[in-house]
């Protein structure tokens, strides 16, 4: 189920990010956000290591990241049926 | 020809004006910067979960690498097929929020179930060892080893 919702989000996030920014900074914004994402992916194996050391389930990391991302998702504006800026 | 040239040069100057007014450094404006931070956190969380989820099948006891890969692939294809139908009907913000919410609920459920299971397992183990060591119903050490094997088998049948 978690993987399913990850795919749901993954399928739309790139369009969503593109629509959030005006054209002249769109590429840079998408690039920076994907860069940060990839850096965090490279740290995910260490997250498993840390959760093992703390005797937690590895999905505790996913829980924390979802919890952190949820309020920030609320802050972003809706772009569906809206006129794109430039 | 001259008119066409004039139009083209006019367009060029307009384009130059637009280019000079819109710089790539606009990303450091407060409004864009806040959006970028929010997007980066959402994207970072998504990628972290993507990385962690690869290990989950292994953690819940699916040791077969082919089954592991097949499960991951099938779920992924299923997710992309579903989003194909939903993406233009539901708002992007809603998809984002609800995906985060459901991921949170699913992972929370798994973590809580795992902790309950661990408590049960350790409780059972303690009870069985108490029976073995204190009441001496099973005197030979071979029986104790069999009991350990029994507990491990029981554990593998429980849902993690």
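Nothing in this text is a laboratory measurement; each read-out follows from the coordinates by a stated rule. This one's a predicted model, so the numbers in the text were calculated from it and none came from an experiment. Cβ atoms come from the backbone with ideal geometry, glycine included; neighbour counts cover every protein chain shown.
Tabulated results
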read-out: Burial ranking of peptide ranges A:46-58, A:21-33 (average Cβ count within 10 Å, highest at the top); value: A:21-33, A:46-58
read-out: Length added when fully stretched, residue B:78-residue B:37, from 0.36 nm per residue minus Cα-Cα; value: 11.7 nm
read-out: Nearest 10 degrees, 0 to 90: helix A:23-53 Cα axis against chain A principal axis; value: 10 degrees
read-out: Cα centroid separation - segment A:6-80 against segment B:65-85, whole Å; value: 20 Å
read-out: Per-residue average of Cβ from other chains inside 10 Å of A:28-36; value: 6
read-out: Residue-averaged beta-carbon neighbours from other chains (10 angstrom radius) around B:29-35; value: 3
read-out: As computed over segment A:2-75, the Cα convex hull volume per residue (Å³); value: 91 Å³
read-out: Order of B:114, A:81 - criterion: other Cβ atoms within 10 Å of each residue's Cβ, fewest first; value: A:81, B:114
read-out: Relative contact order, percent, chain A [alpha-carbon distance under 8 Å, six or more residues apart]; value: 36 percent
